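Encoded as structure tokens, the structure appears first; notes follow it.
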Amino acid sequence: MQPITITKSNFEAEVTKSEKPVLLDFWAPWCGPCQMIAPILDEIAKEVDYAKIGKINVDEEPELAAAFGAMSIPLLAVVKDGVLVNQILGAVPKEKMLELIAPYKSS
């Protein structure tokens, strides 16, 4: 599966009501570290079936960025059952991204 572009209009359906945990990537086209981790998130989206990967462009969705307190990017946040359960700031390796979502695999 490919990462899903998350907007205000699809946030509730894709994130809040998702049966799977969602790893949200808060990013912007001008952000170098965001561009560095984008291919890794694409890989995870194809390899992992127990979670969704969502991408939120902070320039296009400032309300969502504000709701998650995304003052710096890239910010990776995990939402499970509509609740923010984990997050990490910065360009982190693939292993760290997987560690972020792994605890929510079967619950």
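The values are calculated or read from the model by the stated rules, or taken from the named source; none is laboratory data. This is a predicted model, so every value here is computed, not measured. Heads up, the Cβs are rebuilt from the backbone with ideal geometry, glycines too, and the neighbour counts pull from every protein chain shown. Surface areas here come from the heavy atoms of the whole protein model, side chains and all, with no ligands, DNA or RNA. Shrake-Rupley method; radii C 1.70, N 1.55, O 1.52, S 1.80 Å.
Brief remarks follow.
- Karplus (6.51, -1.76, 1.60) ³J(HN,Hα), θ = phi - 60°, over segment 44-53, in Hz, Gly and Pro reported as x: 4, 4, 7, 8, 9, 9, 8, 8, 9, 10
- The peptide list 28-35, 50-57, put in order of mean Cβ contacts within 10 Å with the highest first, becomes 50-57, 28-35.
- Direction-averaged projected area, Cα convex hull, segment 1-55: 3.7 nm², rounded to one decimal.
- Computed from point charges on the beta carbon alone (+1 for Lys and Arg, -1 for Asp and Glu), the dipole magnitude for the chain about its Cα centre is near 200 Debye.
- Here segment 76-97 and segment 1-56 have alpha carbon centers that stand 10 Å from each other.
- Identified option (computed Cα extents along the principal axes in Å; candidates [x] 35, 28, 22; [y] 57, 26, 19; [z] 61, 30, 20): [x]
- Among the GluC sites (Glu not before Pro) within segment 7-43, those in coil by DSSP and having at most 12 neighbouring Cβ atoms inside 10 Å are Glu19.
- Under-5 Å amide H pairs with Asn86, H placed in peptide plane, nonlocal only: Val78
- Listed residue (Leu64, Pro103, Gly82) projecting farthest to the positive dipole end of segment 61-106, Cβ model: Pro103
- Surface share of carbon and sulfur [accessible, 1.4 angstrom probe, percent] for segment 1-52: 57 percent
- Long-range amide H partners of Lys55 with built H, under 5 Å: Ile4, Thr5, Ile6, Asp25
- Phi angles of segment 74-80 translate, via the Karplus equation with coefficients 6.51, -1.76, 1.60 and θ = phi - 60°, into HN-Hα couplings of x, 10, 10, 10, 10, 10, 10 Hz per residue; Gly and Pro are given as x.
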